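To keep things clear, I will list the structure first and then write my remarks on it.
Each value in this text was obtained by applying a stated rule to the coordinates, not by laboratory testing. None of these values were measured; they are calculated from a predicted model. Quick reminder, even Gly has a Cβ in these numbers, built from the backbone with ideal geometry, and neighbours come from all protein chains shown.
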Amino acid sequence: MADMPTDVKNRRSLPQRRDGNQKSCGPLQFATELRSDQVGRVAEVFAALGDPVRLRIYWMIAATDEICSCSLEAPLGRSQSTVSHHTSKLAQAGLIEGERRGRWTWWRVVPSVAEEFGLRGILDPSH
């Protein structure tokens, strides 16, 4: 054990890489920076899609050109107010946009956001 490098301060073995070589600890260097506004945007979208009901709603909207809120209630087994709450969260995140027609709102996916986050392929019902 005499030749095993140790962290003098903590008297621990230094971490080993998978190839058996020592890892050096310290500040990491990245080729690009992730700006705080980007972090916030990604977190907002993932938070909106992180709820199973909202993910199902997004998938159903993505499966059609547009869909009426009333068509979401039965497949989800949720009330109109619950569907409204979840579609509002998706709209606030910029994932969907709605058009009010009489009593109901018709929803559609925002294509640019779906492309930006690579959601088209993931949520394409034909896959």
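Worth pointing out:
- Karplus-based coupling profile of the stretch 89-106, in residue order and whole Hz: 5, 5, 5, 4, 7, x, 7, 9, 9, x, 10, 6, 10, x, 7, 10, 10, 9, with θ = phi - 60° in 6.51 cos²θ - 1.76 cosθ + 1.60 and x standing for Gly or Pro.
- Potential lengthening between Val53 and Trp104 on full extension [0.36 nm per residue; Cα-Cα distance subtracted]: 16.4 nm
- Annotation: amide H of Ile96 within the under-5 Å range of Ala91, Val110, sequence separation 5 or more or interchain, hydrogens built in the peptide plane.
- Cβ-derived FRET efficiency at R0 25 Å, Glu115 paired with Thr82, nearest 0.05: 0.30
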